[in-house]
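Worksheet: the structure to be examined is printed underneath.
Computed from the coordinates by the stated procedures, all read-outs in this text should not be read as laboratory data. As the structure is a computational prediction, the values presented were derived from the model and not from experiment. FYI the Cβ positions are ideal-geometry reconstructions off the backbone, even for glycines, and counts take in every protein chain you see.
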Amino acid sequence: MADSKAALEESAKNVEEEVRRVVEQAKELQDSVASSISKASSDELSLRHRALSLDSSIRRLQSLLRSLLSYHLLDPKLVNKLQEELERARCIMVDGDAATYLRGKNQGGFLRMFLGPINVRASRKDVQLKVKEEYNSYRDRTALLFLLFPSILLILRSWIWDGCLPAFPVQLYQAWLLFLYTGLALRENILRENGSDIHPWWIYHHYCAMIMALVSLTWEVKGQPNCAQKQRGVQLFLQWAMMQGVAMLLQNRYQRQRLYTRIALGKAKRMDVVWGETAGVDGQLWLLCPILFILQGFEAYVGLLLLQTAYLGVVSEWQVFFCGILFVIMAIVNFANTVQTLLAKSRFKAKMKRSKSKQDLQ
């Protein structure tokens, strides 16, 4: 006890000096950190200026090459070679740590609505790639659920519910669809902010799907009498969702193989994602394209059936009419985008064959 009291008395003599020393150390640390941050900010400003200047030079040269080619002032082969080298240089910048200093896309209203005016652009490349990996993982999980959820509902409809779906499980599925498409749209907008080249239509497609899922939640699911007739649209929608799940699983499997090849060739960035018919090589496209076209045709058929159901007064709620129109619009735009992409791939292949033939002749 006496030793403890003596130790406290000794500490009392030195405590004031120790407190002053700790305060001085805190001030010195603050000054050192402030100096380091100031130096880092100065270096960052210089690097940002160099990155933006180089990016501007690449864009200027790409524009100049297009002009020279249009006026036939340069050999097309040389122009193609130079364009590929410029694209490779841009991929090096965008795929490397220098991407941090490039201008990002303007943050859209969708992200501001959900997250507020915060910066979602990652400062480190490894963080950006983790965002993309999480997006791919989310798509893999949801593709499987997209297939299983409607399958279970249709099986239970036949085995347990006597051909008439209860309202709650259908609305639960529609709520899950709203969550799914909102999650996809948020992730895709964040990927675009971090340099991913996602086709704008696929994001707009998810906006439309979100609206449709939200409207469907307010749509009363009719039961007996005439349950089969009243729920024909719901049944076809669940069958279409099963087909969509199969297509998503096939796309997720083939897309990354193709993307890895394009990244290795310097024709794509590691942050890019690919969709649908852009994903496969020739053998894969023979499998994917018929599935995509059948899916789009069936989507339009479901939309027309919903419009017919509303027009004939079988189910006259405005939600049926709205979802029918949205289904038809989405099917038409999906079909147009698929055809446009396939034509672009066909023109590119024809161009490559002509170039190869000329090289063989020389």
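Model label points for N14 and H199, set 7 angstrom from Cα along the Cα-to-Cβ axis, are 7.3 nm apart. What the Cβ-Cβ distance of T218 and E134 gives, at R0 = 41 Å and to the nearest 0.05, is a FRET efficiency of 0.85. Indicate the gyration tensor shape class of segment 140-180 (rounded, prolate or oblate), computed on the Cα atoms with a ≥ b ≥ c the square roots of the eigenvalues: a/c under 1.5 is rounded; otherwise a/b larger than b/c is prolate and the rest oblate. Since a/c reaches 1.5 but b/c is at least a/b, the shape of segment 140-180 is classed as oblate. With the simple model of a label 7 Å out from the Cα in the direction of the Cβ, L74 to Q30 spans 5.6 nm. Fully extending the segment from V120 to I325, taken as 0.36 nm per residue of separation minus the present Cα-Cα distance, adds 70.4 nm. Subtracting the Cα-Cα distance of V333 and R21 from 0.36 nm times their residue separation leaves 105.3 nm of extension gain. Backbone geometry of segment 166-179 corresponds, through the Karplus equation with coefficients 6.51, -1.76 and 1.60 at θ = phi - 60°, to 3J(HN,Hα) couplings of x, 5, 4, x, 5, 5, 4, 5, 5, 5, 5, 4, 4, 4 Hz, x marking Gly and Pro.
Tell me, what is a quarter of the convex hull surface for the C-alpha atoms of segment 155-211, in nm² with one decimal? Walk me through the intermediate numbers first.
Details: hull surface 19.4 nm².
Over every viewing direction, the Cα hull of segment 155-211 projects on average to 4.8 nm².
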